[in-house]
1. Tell me, please, whether a residue that is surrounded by 15 or more Cβ atoms within 10 Å (Cβ to Cβ), at pLDDT below 90 and in a helix (DSSP H, G or I) can be found in segment 123-139.
2. If you scan segment 39-51, which residues turn out to be of a type in the set (Val, Ile, Thr) and either within 11 Å of Val173 (Cα to Cα) or at pLDDT 95 or above (or both)?
3. crowded, with 19+ Cβ neighbours inside 10 Å and modelled with pLDDT under 95: does that describe Ser36?
4. Given the structure, is Val51 under 18 Å from Asn134 (Cβ atoms) and part of a helix (DSSP H, G or I)?
5. Filter segment 142-197 down to residues that are within 18 Å of the chain's Cα centre (by Cα) and of a type in the set (Val, Ile, Thr) and give me whichever is surrounded by the most Cβ atoms within 10 Å (Cβ to Cβ).
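The values are calculated or read from the model by the stated rules, or taken from the named source; none is laboratory data. From a predicted model like this one, the values you see are computed outputs, not experimental measurements. Note that we place each Cβ from the backbone using ideal geometry, even for glycine, and neighbour counts take in every protein chain shown.
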Amino acid sequence: MKKLPLAVGTGVLALALGLTGCSTANAPTTTETSASASTSTKANDDDAMFVTMMIPHHEQAIEMSDIVLAKSGLDPDVANLAQQIKAAQGPEVSRMKGWLTAWGVTETAPGMGGMDHGSMGDGMMSDGDMAALNAANGKDASRLFLTQMIAHHQGAVDMAQQEVRGGQNPDAVALAKSVIAAQTAEIAAMQKLLGRL
């Protein structure tokens, strides 16, 4: 039941952004939309940092999932996990991009654009890591995907915990809590899968 208010709130936000064209010139037409829009535009530096960094993080997880799903001889449970990651993280990317627009923040906001993900311990894969995943096949691809995605998820959990500690935007904090819960559970599942491969 806890996911319903977030889904409803972000649905209202998406509707508000779609109706207003992300412009403050057009006032929302309902009290519910107005309340949602005013709350959603309140974000601090931690919120902006979290969302700005989580977008490429999620995009890379989707890319990794696409790579492994194109492999033959992939373990069916790994394929199912990769599909789940894509299904969860794709809509979250769209939602976060909408938040940045509402907050007036670009994806390369001042002070954030030059950051090297790998140096922050956020689990982002290097070009070499991605090349290795591209080159792997069958069981090796399944194992490598799981190993890489465990590290990737742990980085996301770490970033989300920081957002929970310092963020102010209720939607962003709720997403961070959801990331912590979902990706911690997926890490445990991936460790079990890795143990049987």
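1. no
2. The answer is Val51, and nothing else.
3. yes
4. no
5. Val179
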